[in-house]
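Trainee: I'd like to ask you about the structure that follows.
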Amino acid sequence: MFDKKQTKKGVQCQIEEIESSDEDIMLIGAVSNAGSGGIPRCEVEICGESVPFIVDSGAVTNIISRETYELIKDNVTLAKTSKTLYAFGQSKPLKMMGQFETDLCVNSKKVRAIIFVFNGKSSNLLSASTSRALELLHIHNINSETDLESVIKSKFS
């Protein structure tokens with residue numbers, strides 16, 4: 001069975017990713033908050049605020065919207081960013097306000113991470129590496145059909 005994560009406000013977040021080599025099968029399963037349309041979401045504490053994030057296993061950076069930044073701006077120092085960020089499949093760069101480093105907390109897990117601030121309205125994205133560090137995303141290597149079967153049985157039995 002999936003390990004349930006209980007957030008500060010009592011929202012459950014369950015996320016499990018099982019990955020294999022190119023020749024094997026890739027199985028991804030996620031149970032997200034009610035009403036999220038199957039998108040894996042979780043509440044993350046930033047600067048004392050509970051902030052909703054999409055857990056994005058394909059994201060390489062953590063991004064928050066300008067609206068979210070306005071909630072916490074008194075507790076962080078925004079620095080210019082030299083990085084150019086692009087949305088998946090887009091050729092135009094995103095307009096970024098800057099970046100800051102802070103602690104992110106889910107349950108008893110706390111990690112230090114860099115957050116980029118998007119100059120617009122969007123969902124907040126939690127990167128794959130931050131999601132793994134917060135133990136929200138788990139990746140298992142499957143080397144054979146037998147391994148895959150045993151992993152599935154252990155999770156769903």
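Trainee: Assess whether Ser65 counts as being under 20 Å from the mean Cα position of the chain (by Cα) and surrounded by 11 or more Cβ atoms within 10 Å (Cβ to Cβ). Step through it out loud before you land on a result.
Mentor: Details: under 20 Å from the mean Cα position of the chain (by Cα): yes; surrounded by 11 or more Cβ atoms within 10 Å (Cβ to Cβ): yes.
When the stated conditions are applied, Ser65 passes them.
Trainee: Residues that are of a type in the set (D, E, K, R) and out of contact with any helix residue (DSSP H, G or I) (no Cβ under 8 Å at 6 or more places or on another chain): find the strands (runs of 3 or more DSSP E) completely inside region 29-139 holding 1 or more of those.
Mentor: Qualifying strands (runs of 3 or more DSSP E): 41-46, 96-106, 109-118.
Trainee: Kindly indicate whether any position in region 119-135 is surrounded by fewer than 15 Cβ atoms within 10 Å (Cβ to Cβ) and over 22 Å from Pro40 (Cβ atoms). Write out each step before concluding.
Mentor: Residues of region 119-135 surrounded by fewer than 15 Cβ atoms within 10 Å (Cβ to Cβ): 119-121.
Now narrow it down to the ones that are over 22 Å from Pro40 (Cβ atoms): 119-120.
Looking through region 119-135, at least one residue is surrounded by fewer than 15 Cβ atoms within 10 Å (Cβ to Cβ) and over 22 Å from Pro40 (Cβ atoms).
Trainee: Could you check region 44-58 and list, in sequence order, the residues that are surrounded by fewer than 20 Cβ atoms within 10 Å (Cβ to Cβ) and either of a type in the set (D, E, K, R) or modelled with pLDDT under 90 (or both)?
Mentor: Result: Glu45, Glu49, Ser57, Gly58.
Trainee: Can you tell me which condition Ala113 does not meet? The list is (1) under 21 Å from the mean Cα position of the chain (by Cα); (2) more than 16 Å from Ser131 (Cβ to Cβ), and all the others hold.
Mentor: (2)
Trainee: Pairs, please: C-beta under 6 Å, at least 6 apart or cross-chain, first residue under 17 Å from Thr81 (Cα atoms) and in region 113-132, second hydroxyl-bearing (Ser, Thr, Tyr) and part of a strand (DSSP E or B)?
Mentor: So the pair list comes out as Phe118/Ser65.
The values are calculated or read from the model by the stated rules, or taken from the named source; none is laboratory data. As the structure is a prediction and not an experimental result, all values here were calculated from the model. Counting neighbours? That spans all protein chains shown, and the Cβs are built from the backbone with ideal geometry, glycine included.
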